[in-house]
């Protein structure tokens, strides 16, 4: 992927206020930040600090109350809901803590789903793209398994494959390891780091400090504000951290 010195995302004086009757809650307070292509950013903070609210706005799943959000110089405020849906489909991939897979359907069908919303690919091309995405997450052998036959870690791999099948500019991951054990979490972060190394921009929300350690940049939220935004000078490589974990019981039995 060619180098790009222009910000992919620019937000200026961003405010988000939620209303419950006459009661107002300010979730984001004058947020200013930019994201360059090929960054890998971890956004962390306590529950209710505003990190997921920001993620929803960046992913065009919600709109700010005030302020400006530019994506590739596109002012999202002037776009209709239909135009924002198109922008999401063409540019963003989403991974959630709860996987959000279609039940009682196969791995292939889940990953193929985003491709069905467009008309530019025929069946054979869609299969090629799906298999390539599954290969990147190490799950080609489970292509025709139903999602309820997969482990939590495998389901999250399916969710990542679905997120990248349209070759998005940005991958948004909201607590992607929240339901997973340490080993599986590191495996998932290895995939994200590999995707980032291939050129994808990755923005993840996490409350786990050891997961944030795998990002190139760390942003910390508190009470709707950014209190810290720094490069990660102690960046960890997930594949290397995996090697440091104790062997699993089934590995010891086979030795």
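Read-outs: derived from the displayed coordinates by stated rules, not from any lab. Since the model is a prediction, treat every value here as computed from it, not as a measurement. Cβ placement follows ideal geometry from the backbone for every residue including glycine, while neighbour counts extend to all protein chains displayed.
Within region 69-92, residues that are on the phi > 0 side of the Ramachandran plot sit with their Cβ atoms under 9 Å from residues that are assigned to a loop (DSSP other than H, G, I, E, B) and surrounded by fewer than 17 Cβ atoms within 10 Å (Cβ to Cβ), at 6+ positions apart or across chains, in these pairs: 72/6; 73/6. Taking the criterion of being part of a strand (DSSP E or B) and touching a helix residue (DSSP H, G or I) at 6+ places or on another chain (Cβ under 9 Å), the residues of region 202-219 that qualify are 202, 203, 204, 205, 218, 219.
Step by step: first the residues of region 39-68, then only those that are crowded, with 20+ Cβ neighbours inside 10 Å and within 14 Å of residue 12 (Cβ to Cβ), then the one that is farthest from the chain's Cα centre (by Cα). Which residue is that? Top of the filtered list is 64.
Is it true that some residue in region 3-23 is crowded, with 17+ Cβ neighbours inside 10 Å and farther than 20 Å from residue 226 by Cα? No; the residues of region 3-23 include none that is crowded, with 17+ Cβ neighbours inside 10 Å and farther than 20 Å from residue 226 by Cα. When we screen 161, 173 for residues that are closer than 30 Å to residue 127 by Cα, part of a strand (DSSP E or B) and in contact (Cβ under 8 Å) with a residue 40 or more places away in the chain, the only hit is 173.
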